[in-house]
Amino acid sequence: MATVLDPPVLTPETVISDLPNAFSRGRESQDLFFFESTTSTFPENGIDFEIRKCPALLHKPHLPTPHFNASVSPDPFAPPYPAGLLIGELHGEDDEKYVIMLNKYRLVLRIILTNRYCWKLTKRRTKRGQTPLSLDHKSQTTPPLPPDLVIAYQLLVSARKAGTPFFAFFNCGDRSGASQNHKHLQLLPVAADGPPVERLAKAQNVDVEATPFSIDRLPYAQYVRRLPTSLPSAPTDTLYETLTTAFLQLLDLAVLAIRHDPNEHPRGPPSFNLILTLSHMHLIPRSQEKYVLTQTGEPMSINSVGFAGMLLVKSEEEAEAVRKEGILSILRRVLDRF
């Protein structure tokens with residue numbers, strides 16, 4: 001397998017424009033695995049949820065919740081990078097560097113935006129008294145920082161200009177449905193009007209744009225902030241300030257919800273799901289990662305994509321169980337402590 005140590009530096013525009021070539025490279029190199037899937041709409045409470053069925057997942061090994069400890073979990077985002085999955089590198093605010101990669105297991109087009117490794121001094125000393133350098137990365141328990149939000153939003157803007165809309169999401173913490181310890185955001189293609197939850201947010205009446213709100217038709221804790229319509233064309237400084245303010249507002253509300261029931265909430269850093277579109281930021285606090293289907297006894301790991309209104313199943317039997325139990329009920333149960 002060919003690998004790359006130093007990715008080429010790109011812009012958000014060139015990342016999006018290179019996607020067709022990137023997928024061709026991935027398929028040709030066999031670094032990228034494509035799984036056939038079908039989608040169906042499941043209407044519930046006036047919401048058109050999406051259920052994606054992928055039978056190939058029945059043969060994919062079950063991956064446990066990752067250890068959120070860099071010394072324990074293997075890291076698929078560590079350099080050198082597989083040439084067939086690598087797109088390039090973006091440089092963000094505060095000298096942050098991000099490696100842009102394709103998801104190895106492709107069901108639909110998915111981009112992984114991961115913080116690049118940096119060198120750090122270790123406390124251990126060599127026999128000669130030297131302090132060695134080691135590679136380090138940020139953990140998925142670390143909330144997204146302002147530069148992370150800005151670079152993700154800039155990619156969304158570039159994707160819309162190219163006629164290929166995406167939404168971004170971040171699974172934070174060990175109860176969020178995160179699959180890797182290495183801090184990363186992901187981008188997923190979507191219809192022009194956004195994922196199901198975004199359509200609900202757009203329809204919600206909001207008196208003051210800068211005030212967070214909850215979507216009336218969702219029976220669980222979720223906090224949303226509407227973003228200015230002028231934001232896609234705003235300068236970087238405005239992006240930085242607006243996205244940071246919105247995220248901190250939503251995070252404060254989530255922390256208050258967690259503190260409201262401290263006996264039920266597991267100790268440790270809070271877990272939450274973050275969904276970002278050009279028009280809204282959504283944040284959902286989490287109390288548990290998985291839901292066990294009553295009909296099949298199979299656990300389902302729910303992440304941000306599920307809360308965007310798009311669930312992934314492995315078989316028609318599992319899809320039928322989801323329809324029978326109801327998607328809203330499933331989503332409520334993985335955070336019903338709130």
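Just one of Thr229, Thr242, Thr211 is part of a helix (DSSP H, G or I), hydroxyl-bearing (Ser, Thr, Tyr) and out of contact with any His (no Cβ under 7 Å at 6 or more places or on another chain); which is it?
Thr242
Which numbered condition trips up Gln249, out of (1) open to solvent by less than 70 Å² (accessible area, probe 1.4 Å); (2) touching a residue at least 40 places away in the same chain (Cβ under 8 Å); (3) under 16 Å from Pro143 (Cβ atoms)?
(2)
For the stretch 280-295, give me each residue that is out of contact with any Lys or Arg (no Cβ under 6 Å at 6 or more places or on another chain) and open to solvent by less than 40 Å² (accessible area, probe 1.4 Å).
His282, Leu283, Ile284, Pro285, Leu293
Take the residues in the stretch 191-208 that are in contact (Cβ under 8 Å) with a residue 60 or more places away in the chain and assigned to a loop (DSSP other than H, G, I, E, B), then tell me which one is nearest to Tyr153 (Cα to Cα).
Gly194
When the residues of the stretch 9-19 are narrowed to those that are assigned to a loop (DSSP other than H, G, I, E, B) and farther than 21 Å from Gln30 by Cα, which ends up least open to solvent (accessible area, probe 1.4 Å)?
This residue is Leu10.
The rows are residues; the columns are (1) out of contact with any strand residue (DSSP E or B) (no Cβ under 8 Å at 6 or more places or on another chain); (2) modelled with pLDDT under 90.
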residue: Leu107; (1), (2): no, yes
residue: Ile111; (1), (2): no, yes
residue: Asn115; (1), (2): no, yes
residue: Gln130; (1), (2): yes, yes
residue: Asp148; (1), (2): no, no
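Filter the stretch 1-47 for residues that are over 27 Å from Pro232 (Cα atoms) and of a type in the set (D, E, K, R) and give the result.
Within the stretch 1-47, Asp6, Arg25, Arg27, Glu28, Asp31, Glu36, Glu44 meet the criteria.
Which condition from (1) without any contact (Cβ under 8 Å) to a residue 40 or more places away in the chain; (2) surrounded by fewer than 13 Cβ atoms within 10 Å (Cβ to Cβ) is the one that Thr238 breaks?
(2)
Of the residues that sit in the stretch 311-329 and are crowded, with 18+ Cβ neighbours inside 10 Å and part of a helix (DSSP H, G or I), which one is nearest to the chain's Cα centre (by Cα)?
Taking the candidates together, the pick is Ile327.
Looking only at the stretch 258-265, decide whether some residue is modelled with pLDDT of 95 or more, open to solvent by 50 Å² or more (accessible area, probe 1.4 Å) and of a type in the set (S, T, N, Q).
Within the stretch 258-265, not a single residue is modelled with pLDDT of 95 or more, open to solvent by 50 Å² or more (accessible area, probe 1.4 Å) and of a type in the set (S, T, N, Q).
Would it be correct to say that Val224 is without any contact (Cβ under 8 Å) to a residue 60 or more places away in the chain, within 26 Å of Ser158 (Cβ to Cβ), among the β-branched types (Val, Ile, Thr) and not in a helix (DSSP H, G or I)?
Yes: the conditions hold for Val224.
Across the stretch 296-310, which residue is least open to solvent (accessible area, probe 1.4 Å) among those that are closer than 20 Å to Ser271 by Cβ and polar (S, T, N, Q)?
The extreme case among them is Ser304.
Can you find, within the stretch 208-220, the residue that is nearest to the chain's Cα centre (by Cα) among those that are open to solvent by 20 Å² or more (accessible area, probe 1.4 Å) and more than 16 Å from Leu248 (Cα to Cα)?
Tyr220
Considering only residues that are hydroxyl-bearing (Ser, Thr, Tyr) and under 18 Å from Leu283 (Cβ atoms), look in the stretch 183-234 and name the one that is modelled with the lowest pLDDT.
Tyr220
The values are calculated or read from the model by the stated rules, or taken from the named source; none is laboratory data. What you are looking at is a predicted structure, and each value in this text was computed from that prediction instead of being measured. We place every Cβ from the backbone using ideal geometry, glycine too, and count neighbours over all the protein chains shown. Areas reflect the complete protein model, heavy atoms only, side chains present, ligands, DNA and RNA absent. Shrake-Rupley method; radii C 1.70, N 1.55, O 1.52, S 1.80 Å.
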